[in-house]
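Novice: Before anything else, here's the structure in question.
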Amino acid sequence: MRVSNIKTLARHVTVITAAWAALGSAAAIAQDSGSMLEEIVVTAQKREESLQDVAISVAAFSGRQLAELGLTHATDLVKQVPGLKVSGAGGGTVTAFSIRGVTQNDFASGQESPVAVYVDEAYISQSYVTSFSLFDLERAEVLRGPQGTLFGRNATGGLVHYISRKPSQEAGGYVDLQLGEDGRQRAEAAVGGGLGESVAGRLSVLREKDDGLIKNDIGPNTMQTDNYAVRGQLLIEASPDVDVLLKAQYGKEKGPRGGYAHHVALNGAFVQDPTATDFFGYRDADGDPFSVSQDFPAYYSAKVTDLLARIEWRIGDITVTSVSNYQKITHGYGEDADVSPNDVYNYEAANDVKQGSQELRAAWDTESTRNVVEIGRAHV
């Protein structure tokens, strides 16, 4: 055998040995960490099941995972879920999720999307409040469609579901504080525990603000965040077979969305000619995309009051669940459409919506299947 062939064979043996050792190490690490993997229980089929047992395409994140990934807003899920996208008119004022390319292209705020958004089993019908702050969540689920009628109409593309952390008899809580540039402040806290032998409660709060991403030379900065929210829940064990969950939540958001555009002096021929102006003699002097001169500061604001009652009644092998929800939503949006110090065209829009929904369903197990039947659903 030639010396060159021996050297080649030796190199191959070395590579194979190293690869085998690396594979063994990876298997050992996986075996050691397997016991530490957190089991995620989802409600993708309107009942609690392990994620591994659900026979549909689901992406789920526990509350702990959401915090560790730094996901603080509803639309942040697109960073972690393949096939999930988000788009929106007015700089994100109207938000539409897209799953596998199925979405809503009409940017009118009252148009419902084929990708539905739910919070604690309650449907969010208005697209301008589907991008909200996340706090004290138990988990978030993304179901790739179609979902048929299990989650109601307009879920042909799938749905996004956020589930709040529920009260329990075990006392506990947490405080999370964050500070950052441009005056960013974020505080999140929750406390809960037993209030009696059959009653448990939980109170969660959020406060978030900053100085604004865009500096306005002639007025208040734009793209500011000024959010706060509070959620109170009571879990009542009315009897060994009946559980009642009551939730009241109020949130107000002034988000870093909507109404921002930089002057056209940054684009096209204006870049080539620094002396060029618009029809009113205005031109962007510094060329800084984070600095504007607008007579009308852009804004986005939303106020949401959310009341929910969930009753679960176990009758033998059948579980009957009632979910009642009421929402009052007030929304406002404005932008300096001419993007200049001149008072030429300032656009504003506002919406005031009240909605109610009622769902009643029954679920039971057989030897081979798990069944969920909608007894009735109404949405106004």
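The values are calculated or read from the model by the stated rules, or taken from the named source; none is laboratory data. Predicted, not measured: the structure shown is a model, and the values here were computed from it. Using ideal geometry, Cβ is built from the backbone for each residue, glycine included, and neighbour counts are taken over all protein chains shown. SASA here: full protein model, heavy atoms, side chains in, ligands and nucleic acids out. Shrake-Rupley method; radii C 1.70, N 1.55, O 1.52, S 1.80 Å.
Novice: Averaged over all directions, how much area does the convex hull of the C-alpha atoms of the range 148-253 cover when projected, in nm²?
Specialist: Computed as one quarter of the Cα hull surface, the answer is 10.6 nm².
Novice: If you add up the charges near Thr330, with Lys and Arg at +1 and Asp and Glu at -1, over every other residue whose beta carbon is less than 15 angstrom from its beta carbon, what do you get?
Specialist: Result for the neighbourhood of Thr330: +1.
Novice: Pull out a ≥ b ≥ c, the square roots of the eigenvalues of the alpha-carbon gyration tensor of the range 110-192, then state rounded if a/c is under 1.5, prolate if not and a/b is larger than b/c, and oblate in the remaining case.
Specialist: Oblate shape, in that a/c is at least 1.5 and b/c is the bigger or equal ratio.
Novice: Let me ask something additional. Might you work out the accessible area of Trp313 for me, using a 1.4 Å probe with all protein chains in place, and round it to the nearest 10 Å²?
Specialist: 130 Å²
Novice: Where does each of Leu245, Leu179 land when they are ordered by accessible area, with a 1.4 Å probe and the largest first?
Specialist: Correct descending sequence by accessible area is Leu179, Leu245.
Novice: Taking all protein chains together and a probe of 1.4 Å, list Glu237, Glu208, Glu138, Glu197 from the most accessible to the least accessible.
Specialist: Putting Glu237, Glu208, Glu138, Glu197 in descending order of accessible area: Glu197, Glu237, Glu138, Glu208.
Novice: May I pose another question? What does the C-alpha gyration tensor say about the overall shape of the range 75-221? Classify as rounded when a/c is under 1.5, otherwise prolate if a/b is larger than b/c, or oblate.
Specialist: Oblate shape, in that a/c is at least 1.5 and b/c is the bigger or equal ratio.
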